[in-house]
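Values in this text are rule-based calculations from the coordinates and carry no lab data. Just so it is clear, the structure is predicted and the values come from calculations on it, not from any experiment. Reconstructed Cβ throughout: ideal geometry from the backbone, glycine too, with neighbour counts over all protein chains shown.
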């Protein structure tokens, strides 16, 4: 069986072959690609977009052939309707089917169009759905924050309202791609509902995701963590909901004054240098203002970008993991916390209720009710037995959800079913 994957970013092996630093995102693809390419009945090729190249580039990995293709420019409709670079790759690989990961980029629809013309089956794996996420983008932000421009926003024409508009514009292409494929791979009630509204005729295939390798090798221990510490994995844009966590912090600090909030990624609030001030976004300014308003300067720590091992260690050091998003499908950050056994509090949005059972494996709360987030974090802080119960139950569940062998077998089963249906 010859399979061509279309990914949004290069896998680490491809980055290494190009002498580039690998991306910190898309980690769930790495383990799946490794396991799948080692299967004796599967021949895997992976294609991905790359900036600043004029022609396709082929790279020879240990077991995978990689193809970099020129990134499709925004609103380049002609390149979406008929893309010669993607057509050349598909014809060269001559796959039995093409598996597209994600729907939010122009190349996703372009690949669907190429394969449609060539008579090759496609399947789209749903990550997020920008056409739906765009509706939730503002996430209870004050109107003044939504429409404000910082210097960076003005130069890039990319304030929060414009960011939402871009999601909605990408959503138009996303919906077109979903309407034109016969097969969808998803893993939650949310993504099944959303895609069935767009294309009720597509066959929906359920398949869970495999996580990064490091997270299968460790287990959280209460006695080894930093007590009264909270960890959240993103703060880069509004739907990740860090502003709600900051609103919850004064209530948590009132009961547990030693609490620390660790946020993975770059410090979006930095204004230490002229360069930082120029790069400050409206959302970063809002987060900075909230930290100042609630006097959280000593309680909030941005960790910087963490690689796989560093990320795993940050989870293990944390007393509670919080997923405060205003919308998600099935966040791998929550899956990673659960498989390690880190007690978790997550917003009741999107596909999250399919991942974590409320009050058995962690707490779920209304996403725009930071007072409930504060309450549940404090409940875990004060009750060691509850923390251990959540840890054990969540880990047991996640080991089943993210079982590498089961997920590989299910994916191959989907591929075979598609070929038999063709």
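Before moving on, here are some points about what is shown:
- For the options 274, 239, 230, a Gaussian network treatment of the chain with springs between C-alpha atoms closer than 10 Å singles out 274 as fluctuating the most.
- Look at the Cα gyration tensor of segment 344-422: its axes a ≥ b ≥ c give a/c of at least 1.5 with a/b at or below b/c, and that counts as oblate.
- Residue 399 versus residue 366: modelled label distance in nm, points set 7 Å from Cα along the beta carbon direction: 3.7
- Separation of segment 106-161 and segment 359-391, taken as the distance between their Cα centroids, equals 32 angstrom.
- Counted over the chain, the DSSP beta bridges are approximately 10% antiparallel.
- Among 389, 317, 277, the residue with the largest mean-square fluctuation in a Gaussian network model of the chain, with springs joining Cα atoms closer than 10 Å, is 277.
- Percentage of interatomic Cα-Cα distances in segment 173-305 larger than 23 Å: 55
- For the pair segment 195-232 and segment 46-82, the centres of their Cα atoms are 29 angstrom apart.
- Nitroxide proxy distance, nm - points 7 Å out along Cα→Cβ at residue 20 and residue 306: 2.6
- Contact order normalised by residue count of the chain, Cα under 8 Å, 6+ apart, percent: 15
- Reciprocal of mean inverse Cα separation for the chain (Kirkwood radius, Å): 22.5
- Anisotropy class of segment 256-311 from Cα gyration tensor, a/c 1.5 cut: oblate
- Alpha-carbon radius of gyration plus Dmax, which is the widest Cα pair, for segment 45-98 in Å: 11.6, 36
- Using a Gaussian network model of the chain in which every pair of alpha carbons under 10 angstrom is joined by a spring, one finds that among 183, 107, 276 the greatest mean-square fluctuation is at 276.
- For segment 173-228, the spread of Cα positions along the three principal axes, ordered from largest to smallest, is 51, 24, 20 Å.
- For segment 103-250: Kirkwood Rh in Å [reciprocal of mean 1/r, alpha carbons]: 18.4
- Shape call, segment 291-422: gyration tensor on alpha carbons, a/c limit 1.5: prolate
- Helix 404-421 vs. the chain, principal-axis angle (Cα, 0 to 90°, nearest 10): 40
- Area projected by the alpha carbon convex hull of segment 324-368, averaged over all directions, nm²: 2.6
- Value of [θ]222 nm, deg cm²/dmol, for the chain, DSSP H segments ≥ 4, -39500 (n - 2.57) each, nearest 500: -13500 deg cm²/dmol
- Helix axis angle, 308-317 relative to the chain longest principal axis, alpha carbon, degrees: 30
- Angle between the chain longest axis and helix 84-93 axis [Cα atoms, degrees, rounded to 10]: 80
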